[in-house]
Amino acid sequence: MLKVVKSVESVHVLVASVADTLPSWSFLALLISVLWFVAAVAGMQLFGGTIPTQELRANFNSFSEAMLTTFTLIIAADWPNIMVLHMHRSSYG
């Protein structure tokens, strides 16, 4: 594989460009992680305890469940159902 990368100049330039941008990706990953943490803690404050754990796995009752629920919301998997359920169970809906 390395011989192919070294022999093709355009691939070599592409790999070098990606390697040069890796340090800035770490700062972006750190920023996304901090925002994910803040969203999970805010969800725990707003919706914690509104839905029993056995009723729905996507809840904000503990930090680990809040992180998983926030990840589910970030990737837009089933977010309307989660939103409606939490809105009807809390005082915000």
Q. Which residues, taken from region 69-87, are open to solvent by 70 Å² or more (accessible area, probe 1.4 Å) and of a type in the set (A, V, I, L, M, F, W, C)?
A. PHE71, ILE74, ILE75, TRP79, MET83, MET87
Q. Picking from GLY93, GLY49, GLY43, which residue would you name as being outside any helix (DSSP H, G or I) and at pLDDT 75 or above?
A. GLY49
Q: Report, by residue number, each residue of region 38-56 that is open to solvent by 80 Å² or more (accessible area, probe 1.4 Å) and in contact (Cβ under 8 Å) with a residue 12 or more places away in the chain.
A: LEU46
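The values are calculated or read from the model by the stated rules, or taken from the named source; none is laboratory data. All values derive from a computational prediction rather than experimental measurement. Ideal geometry is used to build each Cβ from the backbone, glycine not excepted, and the neighbour counts take in all protein chains shown. The area values use the complete protein model at the heavy-atom level, side chains included, leaving out ligands, DNA and RNA. Shrake-Rupley method; radii C 1.70, N 1.55, O 1.52, S 1.80 Å.
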